[in-house]
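Below: the structure, in structure tokens.
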Amino acid sequence: MTSATSFSTLALPPAVLANLTQLGYLEMTPIQAAALPVALAGHDLLAQAKTGSGKTAAFALAMLDKLNPRHFGVQCLVLCPTRELAEQVAVETRRLARAEENIKVLTVVGGVPVRNQLASLEHGAHVIVGTPGRVMDLLEREALDLSGLKTLVLDEADRMLDMGFVDDIKAVASACPKTRQTLLFSATYPEGIARLSQQFMRNPQTVKVESRH
Ligand code: ADP
Ligand code: MG
């Protein structure tokens, strides 16, 4: 029997659904059930849900669905507030991308020598997960080409604003094609998020999952 929150209600390829079953993802979490139909339909999305609610898969499945594995260029960029969160998102994205063997996910974060990242970028990647400062640095060095970007994700956007990344986020967003899809995830919805979304998103749909206490 298929429940309303089964991943199989989504227009995802059979190999992706089989991979989710293998990962033990049987039912969508509430934020996934709310966000995925909107994101998979190509809309910009403002999504609010608490930590631990499965936000990574909510954006990763949507961005991977649009990605063309045969085109070896950066098609998805995920900005995260910290190096640790970027690494976690990269690990989860790789697990979700397993149905497509040849998707390369690269992290570009601060606190490690830029030299290694420059070398890795030369070899190319489909998905970049990074911190705003380092992504901006690599753009300024012209080591990162975002001209073929399809999806921009701002993960934990409220924390990135708290950490003072607003100018970097603006600069990175300006370097992305206007036709991209933007997905913004946040645990809270402060005024700064509303301003950011007005500047960089196109008719975003809002989904919000209240936390139950
Ligand atoms: P958030 O970003 O909202 O804090 P994560 O994306 O890190 O949450 O997910 C939290 C945990 O839940 C992870 O260990 C992830 O593997 C797991 N998870 C996500 N979606 C599902 C699902 N549909 N079924 C089971 N586990 C899931
Ligand atoms: Mg998260």
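What follows is calculated from the coordinates using simple rules that are stated; it is not laboratory data. Just so we're clear, the structure is a prediction, and the values are computed from it rather than from any experiment. Heads up, the Cβs are rebuilt from the backbone with ideal geometry, glycines too, and the neighbour counts pull from every protein chain shown.
Within the chain, what's the longest stretch lacking trypsin sites (Lys or Arg not before Pro) that sit in DSSP loops with no more than 12 other Cβ atoms inside 10 Å? So the longest stretch without any such site is 71-140. Dipole orientation for the chain: of the candidates Ala62, Leu152, Leu46, Ala62 has the Cα lying most toward the positive pole (charges on Cβ; Lys, Arg +1; Asp, Glu -1).
Would you mind getting me the FRET efficiency between Lys170 and Ser147? Use the beta-carbon distance for r and R0 = 22 Å, nearest 0.05. Intermediate results must be reported in sequence, preceding the final value.
Details: r = 18 Å, r/R0 = 0.83.
Given R0 = 22 Å and the Cβ-Cβ separation, E is 0.75.
Give, in whole angstrom and from largest to smallest, the semi-axes √(5λ) of the equivalent ellipsoid of the stretch 80-174, with λ running over the eigenvalues of the Cα gyration tensor. Mind dumping the intermediate values first?
Details: eigenvalues 79, 53, 34 Å².
Output for the stretch 80-174: semi-axes of 20, 16, 13 Å.
Projecting the Cα atoms of Cys176, Leu79, Val207 onto the dipole axis of the stretch 36-208, where Lys and Arg carry +1 and Asp and Glu carry -1 at the beta carbon, places Val207 farthest toward the positive end. When the chain is treated as a Gaussian network with alpha carbon springs shorter than 10 Å, the biggest mean-square fluctuation among Leu77, Leu118, Leu46 belongs to Leu118. Here each label is just a point 7 Å from Cα along the line to Cβ, and for Thr5 and Thr21 those points are 2.0 nm apart.
Running Debye on the stretch 1-62 with equal point scatterers at the Cα sites and no solvent, what base-10 log of I(q)/I(0) appears at q = 0.16 Å⁻¹? For the stretch 1-62, the Cα-only Debye profile gives -0.47.
For the stretch 122-213, what mean projected area does the convex hull of the alpha carbons give, in nm²? Projected over every direction and averaged, the Cα hull of the stretch 122-213 covers 6.9 nm².
At a Förster radius of 30 Å, what calculated FRET efficiency corresponds to the Cβ-Cβ distance of Phe72 and Leu40, to the nearest 0.05? Please list the in-between numbers first.
Working: r = 23 Å, r/R0 = 0.78.
Efficiency, from the Cβ-Cβ distance: 0.80.
For the stretch 134-213, the list of GluC sites (Glu not before Pro) that fall in a loop by DSSP and count at most 13 other C-beta atoms within 10 angstrom reads Glu142, Glu210. Comparing the chain with the 2.2 N^0.38 Å rule of thumb, its C-alpha radius of gyration ratio is 0.96 (two decimals).
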